[in-house]
1. Would you pick out the residues in region 60-87 that are assigned to a loop (DSSP other than H, G, I, E, B) and surrounded by 13 or more Cβ atoms within 10 Å (Cβ to Cβ)?
2. Take region 107-128 and flag every residue that is of a type in the set (A, V, I, L, M, F, W, C) and either in contact with a strand residue (DSSP E or B) (Cβ under 8 Å, 6 or more places away or on another chain) or touching a residue at least 12 places away in the same chain (Cβ under 8 Å) (or both).
3. What strands (runs of 3 or more DSSP E) lie completely within region 96-142 and have 1 or more residues being modelled with pLDDT under 95, touching a Leu at 6+ places or on another chain (Cβ under 8 Å) and crowded, with 19+ Cβ neighbours inside 10 Å?
4. So is Gly90 modelled with pLDDT of 95 or more and assigned to a helix (DSSP H, G or I) or not?
5. Do we find that Ala91 is in contact (Cβ under 8 Å) with a residue 60 or more places away in the chain, surrounded by fewer than 16 Cβ atoms within 10 Å (Cβ to Cβ) and either among the small types (Gly, Ala, Ser) or farther than 30 Å from Asp34 by Cβ (or both) in this structure?
6. Give region 33-52 a look and list any residue that's closer than 18 Å to Gly116 by Cα and free of Cβ contacts under 8 Å to residues at least 40 places away in the same chain, or say none.
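The values are calculated or read from the model by the stated rules, or taken from the named source; none is laboratory data. Since this is a predicted model, take the numbers as computed values, not measurements. FYI the Cβ positions are ideal-geometry reconstructions off the backbone, even for glycines, and counts take in every protein chain you see.
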Amino acid sequence: MRIYLGGPQSREELEAAVPEVPGRRPGLFVVDLDGAMIGMITLDRRDAERPGHIRPDAGEAELGYVFLPEAWGRGYAAEGCAAALGWFVGALPGEPVVLCTQTANDRSMRLAAKLGFTEVERFEEYGAEQWFGVWSAVTPSG
């Protein structure tokens, strides 16, 4: 279910969007529960043509996620995204991660706050207001 992402996709569309060779994708994670896929978390490079960037050269790592409706509200997205961000810190230390979601998507807005994303800006895209935030790992000084 992709209520805030343009609606459901066919199997062919999904397979085309998730290529066998990840290319420039920093991370792709399948979330499973008892051996069944319940969601997917991605760390992609944000397209330079899209609004919302924190670097002049664009191409920031962008967190994305999609879960089956029956997995909503159970903490799987928070746990999976936190684990993906933890992995990312080790794989690409010092690189920030961005997230973009519709302000109408209350669950995603709460998840962004829970994960520690801070708002950078809001803008109109896909006919709706978008929230754009950034996350950086907190490293102990010393």
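1. Hits for region 60-87 are Glu60, Leu68, Trp72.
2. Listed by number, the residues that qualify are Met109, Leu111, Ala112, Leu115, Phe117, Val120, Phe123, Ala128.
3. Here the list is empty.
4. Judged against the criteria, Gly90 is not a match.
5. Here the answer is yes, as Ala91 does meet what is asked.
6. Selection gives Thr42 alone.
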